[in-house]
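To start, the structure itself, in structure tokens.
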Amino acid sequence: MIIQAENIEKSFGSLKVLKGVDFSASQGEVVSIMGASGAGKSTLLQILGTLSTPDAGELVIDGSDVLALGSKELSAFRNLRLGFVFQFHHLLPEFTSLENVMIPALIAGKPAAQARSEARELLGMMGLSEREGHKPSELSGGEQQRVAIARALVNRPAILFADEPSGNLDTRTKDEIHKLFFSLRERLGQTIVIVTHDPELAGMCDRCLFMRDGQFVDDYLSK
């Protein structure tokens, strides 16, 4: 398993959001997590992505006990091994598409020429070669999200985490983004974990887990 989480608990004050959650995913698997707002989906995703620390439990990602890592080690691990796509793209407005995609590679210490080459390759994969010199304000919502996906992939992470990645898009653009995730899995071998309210996207995944009141209640769309 590339992700193995056991007995994950998380509270905010007196509110227990996650109640002993177990989760695992295999290399190259696409798993969706569904549930009502407040069920704990995004909190779990943030913990799996090492953006938040659980109150209890164990988490091994790509062979590393990530809860045992120091803050600097964890930041380096996250930048190199994990990628993130959110509902809102969070692109830096003053930078071009190419520059936005290059940033994680530069943070990882790659030479600028290598970072630029790899960013261009990914933008080409996203169908955005003609848009690499455009800033976010000059791009459509779907184009911005594809730039964000390219940025998430520039360090070739083992796992891509996506939180409502198509929740802010129109129907046609949403369908394109959904297909893109599965194309990436075929081309790059990504493991992808997606939090979504969209039953169409969930139905495309290898497995869909349903969360209610901080626990998984049904693995109801396994294939």
> In the stretch 46-63, how many are assigned to a helix (DSSP H, G or I) and farther than 17 Å from Q27 by Cβ?
Replying inline: 2
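Return the only residue of D55, D62, D22 being open to solvent by 10 Å² or more (accessible area, probe 1.4 Å) and touching a helix residue (DSSP H, G or I) at 6+ places or on another chain (Cβ under 6 Å). Step through it out loud before you land on a result.
On the way: D55 fails: touching a helix residue (DSSP H, G or I) at 6+ places or on another chain (Cβ under 6 Å); D22 fails: touching a helix residue (DSSP H, G or I) at 6+ places or on another chain (Cβ under 6 Å).
Going through D55, D62, D22 in turn, just one is open to solvent by 10 Å² or more (accessible area, probe 1.4 Å) and touching a helix residue (DSSP H, G or I) at 6+ places or on another chain (Cβ under 6 Å): D62.
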>> Anything in the stretch 73-123 that is β-branched (V, I, T) and modelled with pLDDT under 90? List them, or say none.
In response: V85, I107
>> Can you list residue pairs whose Cβ atoms sit under 7 Å apart, with the first residue in the stretch 176-192 being on the phi > 0 side of the Ramachandran plot and the second being not polar (S, T, N, Q) and not in a strand (DSSP E or B)? Count only pairs 6 or more apart in sequence or on different chains.
In response: G189/G28
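Kindly provide the set of residues from the stretch 65-83 that are among the hydrophobic types (A, V, I, L, M, F, W, C), open to solvent by 40 Å² or more (accessible area, probe 1.4 Å) and within 17 Å of the chain's Cα centre (by Cα), ordered by number.
Step one: list which residues in the stretch 65-83 are among the hydrophobic types (A, V, I, L, M, F, W, C), which gives 66-69, 74, 76-77, 80, 82.
Going one step further and asking which of them are open to solvent by 40 Å² or more (accessible area, probe 1.4 Å), we end up with 67-69, 76, 80.
Once the filter is applied, which keeps residues that are among the hydrophobic types (A, V, I, L, M, F, W, C), open to solvent by 40 Å² or more (accessible area, probe 1.4 Å) and within 17 Å of the chain's Cα centre (by Cα), the stretch 65-83 yields A76, L80.
Among G40, G28, which is open to solvent by less than 40 Å² (accessible area, probe 1.4 Å), of a type in the set (G, A, S) and under 15 Å from the mean Cα position of the chain (by Cα)? First the steps, then the outcome.
Values: G40 fails: under 15 Å from the mean Cα position of the chain (by Cα).
Residue meeting the stated conditions: G28.
Quick grid of which residues meet (1) aliphatic (A, V, I, L, M); (2) more than 24 Å from A202 (Cα to Cα); (3) not in a helix (DSSP H, G or I):
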| site | (1), (2), (3) |
| --- | --- |
| A36 | yes, no, yes |
| L80 | yes, yes, no |
| G83 | no, no, yes |
| E94 | no, yes, yes |
| G109 | no, yes, yes |
| A113 | yes, yes, no |
| S117 | no, yes, no |
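The values are calculated or read from the model by the stated rules, or taken from the named source; none is laboratory data. All values reported here derive from a predicted model rather than from experimental measurement. Backbone-built Cβ (ideal geometry, glycine too); neighbour counts: all protein chains shown. Ligands, DNA and RNA are stripped out before the accessible areas are found, and what is left, the full protein with its side chains, is counted by its heavy atoms. Shrake-Rupley method; radii C 1.70, N 1.55, O 1.52, S 1.80 Å.
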